[in-house]
Amino acid sequence: MRQVILYPGEDGYFVVECPSLPGCISQGKTKEEAIQNIKEAIHAYIAALAEDGLPVPEDKPIIRAQ
């Protein structure tokens, strides 16, 4: 799985995004649901790129600031 960022959103939902795939973002009521949703979003995003004959961006390491 690609690296993702998970954080609390509004109204108690969790937001999760995939930095290496611009605009690939999802959410869920629980952390588990958010992770499942982003897996589906990543799959659909990559499938759409392939269908359009576009390259799939490489996964980028996440740099954490302290």
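Read-outs: derived from the displayed coordinates by stated rules, not from any lab. What you see is a predicted model; the values in this text were computed from it and never measured. Cβ atoms come from the backbone with ideal geometry, glycine included; neighbour counts cover every protein chain shown.
Below, the figures for the structure above:
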| read-out | value |
| --- | --- |
| Helix-only [θ]222 nm of the chain, DSSP H runs n ≥ 4, -39500 (n - 2.57) each, per residue, nearest 500 | -11000 deg cm²/dmol |
| Residue exposure sequence - 35, 63, 5 - by fewest surrounding Cβ within 10 Å | 63, 5, 35 |
| Sorted peptide list for 9-16, 51-58, criterion being average Cβ within 10 angstrom, highest first | 9-16, 51-58 |
| Fully extended contour minus Cα-Cα distance, from residue 51 to residue 7, at 0.36 nm per residue | 12.8 nm |
| Rg/Rh for the chain, where both radii come from Cα atoms and Rh is the Kirkwood radius | 1.01 |
